[in-house]
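Bear in mind these aren't lab numbers, they're just calculated from the coordinates by the rules spelled out. Bear in mind that the values here come from a model prediction, so they are computed numbers and not experimental data. Using ideal geometry, Cβ is built from the backbone for each residue, glycine included, and neighbour counts are taken over all protein chains shown.
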Amino acid sequence: MAMVEIDGVRKRYEGGFEALRGVDLAIEEGEILALLGPNGAGKTTLISAICGITLPTEGTIRVGGNDVVADYRAARDLVGLVPQEVNLEPFEKVINTVRFSRGLFGKPKNEALIEDVLRKLSLWDKRDNAIRELSGGMKRRVLIAKALAHEPRVLFLDEPTAGVDVELRRDMWEVVADLKRQGVTIILTTHYIEEAEAIADRVGVINKGQILLVEEKAALMRRMGEKELRIELGTPLDAVPEALEGFGLEVSGGDLVYRYDSHAERTGIGRLMAAVAGAGLVVRDVATVQKSLEDIFVGLVARQEDAA
Ligand SMILES: Nc1ncnc2c1ncn2[C@@H]1O[C@H](COP(=O)(O)OP(=O)(O)OP(=O)(O)O)[C@@H](O)[C@H]1O
């Protein structure tokens, strides 16, 4: 059984706008799924529906086998949510904020656990500070600490590192990796492809309320194996020489650029290099570049726009 099971979910907001248009998705226990999508794609709506905060118009969602509507309490107990917006009480102490979150879920006091959560998030030294004394990055850590206070089995991170500095982003990735080791299932939404590339097991792409693709990150990278070969020449070029027409080459920054599928039986590289030598061009250097998840994502979204 998957930890999170989403079947045929649609969400139509009052006013008629359909933010989710038939979503099916199963997320396994202990997996990290990154949901990528442009603004307004429906990511927050989907997370809210899984957490039972937004009612789907159609379809069912189960967390740990519990229907998020019919067995709301049981499903909600398993879930920790780190929201996009900082919604903390400014005058409350850090440690009390986190303790209070645990209490809200009706869990018994557990000071050792609260200490552990605060230490992991480098908040222990700040435990007696009021929230308003913290930097923006620290406040984000408090949001995560709150979500972890009741020991959730599924953690949602809605844009966890939007607007935070590189160092804090890396710290957060470490926290996420640590939670995964403890078997926590993690779903994060992000605008940063780099984030998905760094920590996810699977990547889902959502646009206009539909999941366009869900795939193992590594398989996705392999499948979309487009690479670019850049040939730097002794004398920079302005245009593709006549002798090299037919290869689909481009000239960029004086270099010859050749795009090919690195998994194809014939990449055409050998033939190209022979033709380059045959044309009397002197090769100074060659480099290949792998397509990034970002390129893949932009391509997918553009294809959906074309199909619409
Ligand atoms: N309460 C609401 N009533 C009507 N429309 C809404 C409501 N909440 C969200 N929407 C619309 O639903 C669409 C999806 O919104 P959602 O917040 O889920 O997107 P998102 O992918 O999380 O985007 P972002 O990355 O900008 O947060 C948007 O077009 C938004 O305007």
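General observations
- Net length available on complete extension from residue 222 to residue 265 is 14.0 nm, with 0.36 nm assigned per residue and the Cα-Cα distance removed.
- Binned Cα-Cα distances of region 225-290, short to long, each 10 Å bin given as a whole percent: 21, 60, 18, 0
- In this simple spin-label approximation, residue 213 and residue 240 carry label points 7 Å from Cα along the Cα→Cβ vector, and these lie 2.5 nm apart.
- Tilt relative to the chain, helix 94-104 - C-alpha long axis, 0 to 90 degrees, to 10: 70
- Translational diffusion of region 176-308 was estimated from the Stokes-Einstein equation, with Rh taken as the Kirkwood radius over Cα pairs; at 37 °C and 0.692 mPa s the coefficient is 187 µm²/s.
- Magnitude of the charge dipole for region 1-128, about its Cα centre and with charges confined to Cβ atoms of Lys, Arg (+1) and Asp, Glu (-1), is about 320 debye.
- Each helix, a run of at least 4 DSSP H residues, gives -39500 (n - 2.57); summed and divided by the residues of the chain, these come to -10000 deg cm²/dmol at 222 nm.
- What separates the Cα centres of region 54-132 and region 220-280 is a distance of 53 Å.
- Of the residues 150, 263, the one with the fewest other Cβ atoms within 10 Å heads the list, and the complete ranking is 263, 150.
- Coarse-grained scattering of the chain at q = 0.11 Å⁻¹, given as base-10 log I(q)/I(0) from a Debye sum over alpha-carbon atoms: -0.76
- Taking 0.36 nm per residue of separation and subtracting the current Cα-Cα distance, fully stretching the chain between residue 292 and residue 86 would add 71.0 nm.
- The C-alpha atoms of the chain define a longest principal axis, and helix 136-148 lies at about 60 degrees to it.
- In a reduced charge model with +1 at each Lys and Arg Cβ and -1 at each Asp and Glu Cβ, the chain shows a dipole moment near 980 debye about its Cα centre.
- Between helix 293-307 and the chain: long-axis angle, C-alpha atoms, 0 to 90°, nearest 10: 90
- Loop sites in region 1-86: GluC sites (Glu not before Pro), DSSP, at most 12 other Cβ within 10 Å: 14, 85
- The residue list 248, 269, 229 was ranked by how far each Cα lies along the charge dipole of region 225-290 toward its positive end, using unit charges on Cβ atoms, and 269 comes out on top.
- Förster-model FRET efficiency, 30 Å R0, residue 170 and residue 12, C-beta, rounded to 0.05: 0.15
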